[in-house]
Amino acid sequence: MTELSPMHYAWIASMIAPPVILFCDYALLSGRLGLIRGGLLSIATIFAIVVSTAVLYDRLLEARLAAFDHDGDGVFAGSEVTPDQERALFLVTNDVSRTLAPITGGIFAVGYTALTFGVVAVARRVRQRPRSAA
């Protein structure tokens, strides 16, 4: 089985955040938070998860690469270059997703929160609508 990266865990946490915020609002706060403030909290939470995970994952990859720099000068000499070092260097330098995490995280946070909270708002209206006598 493939090992899950920190980005997978961030995706799972991001998907769970809005329902957890909605549940806590209704179960603990009796709906006092409201959809607007809850939505803003959800957007901020998802954005923070995505960006912080990208930063932490970048630092993890940099630390793995730094382990191959035996003399600590920041330059890889001939004896330090190995297939494992090249793989670590490839992971550090060829990942655009960490660079674009603030942009994609913001777009995803707004879109997913709007979808989740929109469904809840529609469900509330449908449930509150008076039933007509047929």
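The numbers here are math on the coordinates, done by the rules we state, and not lab data. It should be emphasised that the depicted structure is a prediction, and the values quoted were computed from it without experimental measurement. Don't worry about glycine lacking a Cβ; one is built from the backbone with ideal geometry, like all the others, and counts go over all protein chains shown.
The figures follow:
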{"item": "Number of positions in the range 17-41 that are exposed (fewer than 12 other Cβ atoms within 10 Å of the Cβ) and hydrophobic (A, V, I, L, M, F, W, C)", "result": "5"}
{"item": "Within the range 1-43, tally of residues that are touching a residue at least 60 places away in the same chain (Cβ under 8 Å) and either closer than 19 Å to L115 by Cβ or of a type in the set (S, T, Y) (or both)", "result": "10"}
{"item": "Any hit, the range 117-134, residues being closer than 29 Å to I46 by Cα, surrounded by 10 or more Cβ atoms within 10 Å (Cβ to Cβ) and among the basic types (K, R)", "result": "yes"}
{"item": "Candidates F68, F90, filtered to the one that is in contact with a Leu (Cβ under 9 Å, 6 or more places away or on another chain) and either exposed (fewer than 12 other Cβ atoms within 10 Å of the Cβ) or aromatic (F, W, Y) (or both)", "result": "F68"}
{"item": "Qualifying residue in the range 59-68 (condition: of a type in the set (K, R), closer than 30 Å to G111 by Cβ and free of Cβ contacts under 8 Å to residues at least 12 places away in the same chain)", "result": "yes"}
{"item": "Condition check for T99: within 15 Å of I46 (Cβ to Cβ) and either charged (D, E, K, R) or in contact with a helix residue (DSSP H, G or I) (Cβ under 9 Å, 6 or more places away or on another chain) (or both)", "result": "no"}
